[in-house]
Structures are given as C-alpha cells and as structure tokens.
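Visitor: This is the structure I have questions about; it appears just below.
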Amino acid sequence: MADYAGAVAAIKSRLAAAWIDAAGQPLTLIVYANHRPEPPFPPIDPTTGNPAPVVVCEVTGTRSDVHTFGDAGNRFFQYDGLIILHVLVAINEGVSRAQALAVQAGEIFRAATFYQDPNGSYVRTVAPYPPDGGGAAELEGVDAGGTLYRVTVSIPFKYFHRA
C-alpha cells in the first residue's frame, strides 16, 4: 500500500535511475540526508585532482491536509513538499558547471507523475525553481572542508494519498 515514506523513496529512486550517463554510470555521487557517504568525501576527480561534483538530495514536507472528504478509503490526503537538490562543485571551477548540473537534475522532475498505485495514490511534481548558489558549508551534515561551491534547485511536489 502506498504511503508518504514510499513516496519519498520513489523520489530518490527516480533521481538515481535518471542521473546516469550514456554508459549507465552515475553522473555524480548522490548523497542523501542522514547518510554518510563512503570516504573520501568529497570524491576526487582523477583527471583534475579537484573535488568531483556531488548531488545532495533532500526531500522535505511542508504541509498536509485533507484534499477531499468522504467515507474511509475514499478520501484524498494531500502532502506538499520540496525536493531539494544541492549540486556541489569545486571552488574556482565555475558557477556555470554547477548551474548546468542543477538544471539537468531539476528536469528529472519537471511536470512528472509517478509512484501511482491502483488505489489512486501518486506523486505529482511541477516546475523546478531556478538554481540558486552559495557555500557548501551551509548544508547541515555536509563537511566538504570549504572546498565546494553549492548551487541548489528545488522542485515542489504533492503526494496525494487515498485512504
């Protein structure tokens, strides 16, 4: 049966499945909230010796409410939230690279409907917000040693749960 935890898992799964290159390899490391990546972190790009780009994925709920009224099993509850994707790149490698990766990550979720179950529950996303930049040190739980720059894209989502 579908639930909010499953919706969050589906968001992460959608990102991981689409964040690959033509050879099926991940474009960058994806780090999830409350998950410590394997060392070294940040990973090192063997061609430059600089930190390699990384995507940090957060899914946060912003509110929930009854969307329709009716008998038990025939109501929709709406959970609103944000998919927040922080793209981290080495300082001095240029903002444009981080912005390009953030736009590409955001497009994975543009106007998408997924995690649909036979009872009518599903996730629906809208348009990604334009990327915004800052220091990677501002991310809670991410210790990049002051070597990374952050560009963040966020995508509003709604999870409709039939119960």
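Visitor: Do the sum for the chain: with -39,500 (n - 2.57) for every DSSP H run of n ≥ 4, divided by all residues, what is the mean residue ellipticity at 222 nm, to the nearest 500 deg cm²/dmol?
Guide: -5500 deg cm²/dmol
Visitor: Same structure, new question: Which net charge results when you count Lys and Arg as +1 and Asp and Glu as -1 among the other residues whose beta-carbon is under 14 Å from that of Ala163?
Guide: Local charge sum for Ala163: -2.
Visitor: Sticking with this structure for a sec: Using a 1.4 Å probe over the heavy atoms of the protein chains, calculate the carbon and sulfur portion of the accessible area of the chain as a whole percent.
Guide: Ligands and nucleic acids excluded, carbon and sulfur reach 53 percent.
Visitor: Rank these residues by their accessible area, most exposed first, probe 1.4 Å: Asp132, Asp71.
Guide: Asp71, Asp132
Visitor: Please give the per residue accessible area of the chain, computed with a probe of 1.4 Å over protein heavy atoms only, in Å².
Guide: For the chain, the per-residue accessible area is 54 Å².
Visitor: Next up: Using the Cα centre as the reference, give the magnitude of the dipole from point charges on the C-beta atoms of the chain (Lys, Arg: +1; Asp, Glu: -1; all else neutral), rounded to the nearest 20 debye.
Guide: It comes to approximately 380 debye.
Visitor: Please list, in chain and number order, the residues 5+ apart from Ala52 or on another chain whose amide H is under 5 Å from its amide H, with Hs placed from the backbone.
Guide: Ile44, Asp45
Visitor: Name the long-range amide H neighbours of Leu29: under 5 Å, sequence gap of 5 or more, or other chain; modelled H, no Pro or chain starts.
Guide: Val55
Visitor: Using alpha carbons only, how many degrees (0 to 90, rounded to 10) separate the axis of helix 95-107 from the longest principal axis of the chain?
Guide: The helix 95-107 is inclined about 20 degrees to the chain.
Visitor: What angle, in degrees between 0 and 90 and rounded to the nearest 10, separates the Cα long axis of helix 4-18 from the longest principal axis of the Cα atoms of the chain?
Guide: For helix 4-18, the angle is close to 40 degrees.
Visitor: State log₁₀ I(q)/I(0) for region 21-163 at q = 0.10, 0.14, 0.16 Å⁻¹ as given by the Debye formula over alpha-carbon point scatterers of equal weight, solvent excluded.
Guide: Taking Cα atoms of region 21-163 as identical point scatterers yields -0.42, -0.72, -0.87.
The values are calculated or read from the model by the stated rules, or taken from the named source; none is laboratory data. As the structure is a prediction and not an experimental result, all values here were calculated from the model. Note: ideal-geometry Cβ built from the backbone for every residue, glycine included; neighbour counts use all protein chains shown. Areas reflect the complete protein model, heavy atoms only, side chains present, ligands, DNA and RNA absent. Shrake-Rupley method; radii C 1.70, N 1.55, O 1.52, S 1.80 Å.
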